[in-house]
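Presented below is the structure to which this report refers.
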Amino acid sequence: MEHSRASFVLGHHQEQAKVVYCQAGEPTLLVTELSPFHPQSHLWPDQPGDIGTVCWHGGEADVGPCRMGAISPEGELFVDTEIPVKRGAEGWAFVVVHPLAGRHELAVGSTVELKVDAKARHALSLGHSACHLAALALNRVLTPYWRKEVSERDALGQPDFDRLAIQTSRVEPCGSREQYRIGKSLRKKGVNSEALLAELAQIEGLINDQLVQWLATGGDIRRSRAGEAIIESRYWHCVLEGAEVTIPCGGTHVGSLAELGRVSVQL
């Protein structure tokens with residue numbers, strides 16, 4: 001069996017595809033050769049999976065939220081955190097799992113139509129694109145709070161506080177929520193945690209000022225992928241300050257900064 005091919009990177013919301021696996025139950029777990037649905041990652045579950053519907057001859061079911069799955073060489077499906085192997089393990093097929101409401105038996109090889117809820121997808125895309133922009137602004141404003149030279153740099157060449165300190169990230173409709181930890185290792189790398197924590201209100205204001213400046217430029221946002229398979233690397237590209245910045249990212253996004261409207265952060 002091959003890895004699922006994913007078209008959500010191209011902004012697709014609808015596909016016709018053949019069934020390659022169906023496990024009837026409550027819910028029924030459906031896998032197709034091709035899917036427009038974005039699945040929640042089992043490794044970094046920041047963006048929830050897409051929801052929508054699946055239609056077939058004589059039937060229809062609500063689907064989602066979609067998740068990642070892996071099918072073993074013996075044909076057994078493992079879903080989300082149950083996946084026991086690393087991405088790309090020999091003989092394993094990594095797939096988009098569509099949980100269908102109700103019990104259905106769809107024949108392997110039959111054709112179904114997959115339709116993503118575009119409104120729900122767009123709300124999450126707004127939150128995810130804004131999340132990347134806010135992280136870059138956070139890194140910029142926190143640059144003076146590093147006592148030492150930092151080798152870890154973000155897409156703008158700034159000290160990457162976001163990547164070094166982040167513990168959890170959760171994309172929400174029209175927003176996101178991140179948790180950062182300033183521990184011993186980060187202080188050892190050179191973060192002036194005392195000053196940073198004492199000046200959160202000032203830092204918040206500077207981040208929001210930076211966001212206003214970037215959003216006013218209305219730069220384009222695009223996505224790219226190394227290949228069609230769901231396990232291939234995907235990227236977020238955005239024009240900022242006259243240049244295109246690139247961040248590895250498996251989620252969905254809007255088409256421009258102008259589409260975001262107003263973005264602000266609270267620390």
Problem - For segment 116-184, the fraction of alpha-carbon pairs in successive 5 Å shells from zero, as % - result: 3, 16, 23, 22, 15, 10, 6, 3, 1, 0
Completion exercise
Here P(r) for segment 3-135, Cα-Cα distances in 10 Å bins, as whole percents, is 13, 45, 33, 9, 1
Problem - Charge-dipole axis of the chain as Lys and Arg at +1 and Asp and Glu at -1 on Cβ define it, positive-most pick from A89, A123, A201 - result: A201
Completion exercise
If every Lys and Arg gets +1 and every Asp and Glu gets -1 at its Cβ, then about the Cα centre the chain yields a dipole, in debye to the nearest 20, of 800 debye
Practice task
Set Lys and Arg Cβ to +1 and Asp and Glu Cβ to -1, take the dipole of the chain about its Cα centre, and tell me which of S4, L215, P39 lies farthest positive.
Solution key: L215
Exercise for the section: Please work out the Cα center distance from segment 5-51 to segment 96-171, rounded to the nearest Å. Expected result: 17 Å
Practice task
Using R₀ = 35 Å, calculate the FRET efficiency as 1/(1 + (r/R₀)^6) where r is the Cβ-Cβ separation of S233 and K148; round to 0.05.
Solution key: 0.70
Practice task
Per DSSP H run of n ≥ 4, the term is -39500 (n - 2.57); total these for the chain, divide by its residue number, and report the mean residue ellipticity at 222 nm rounded to 500 deg cm²/dmol.
Solution key: -7000 deg cm²/dmol
Exercise for the section: With only Lys, Arg, Asp and Glu charged, each at its Cβ (+1 for the first two, -1 for the last two), find how big the charge dipole of segment 5-116 is about the Cα centre; round to the nearest 20 debye. Expected result: 200 debye
Completion exercise
Rounded to the nearest 10, the angle in degrees between the Cα long axis of helix 118-142 and the longest principal axis of the Cα atoms of the chain comes to 30 degrees
Handout entry: Equivalent ellipsoid semi-axes, the chain, via Cα gyration tensor eigenvalues times 5, rooted, Å
Key = 38, 20, 15
Exercise for the section: Take the Cα atoms of segment 120-260, build their convex hull, and give its volume per residue in Å³. Expected result: 119 Å³
Completion exercise
For K148, counting only lysines whose alpha-carbon sits under 17 Å away and dropping same-chain residues fewer than eight positions off, the answer is K184, K188, K189
Exercise for the section: Ignoring everything but the protein chains, give the 1.4 Å probe accessible area of F94 in square angstrom, nearest 10. Expected result: 0 Å²
Problem - Set of aspartates and glutamates near K18 by C-alpha distance (under 13 Å), chain-local residues within fewer than 8 positions excluded - result: E2, E33, E113
Fill in the blank from the handout: The helix 200-217 Cα axis meets the longest alpha-carbon principal axis of the chain at an angle in degrees, between 0 and 90 and rounded to 10, of 60 degrees
Problem - Difference of contour (0.36 nm per residue) and Cα-Cα distance, R262 to S72 - result: 63.9 nm
Fill in the blank from the handout: Stokes-Einstein, Kirkwood over Cα pairs, segment 1-76, 10 °C, 1.306 mPa s; D in µm²/s equals 120 µm²/s
Practice task
Rounded to the nearest 0.05, what FRET efficiency do A101 and Q14 give with R0 = 25 Å and r taken as the Cβ-Cβ distance? Could you check?
Solution key: 0.85
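The values are calculated or read from the model by the stated rules, or taken from the named source; none is laboratory data. Model, not experiment: these values are computed from the prediction. Cβ atoms come from the backbone with ideal geometry, glycine included; neighbour counts cover every protein chain shown. Heavy atoms of the whole protein, side chains included, go into the accessibility calculation; ligands, DNA and RNA do not. Shrake-Rupley method; radii C 1.70, N 1.55, O 1.52, S 1.80 Å.
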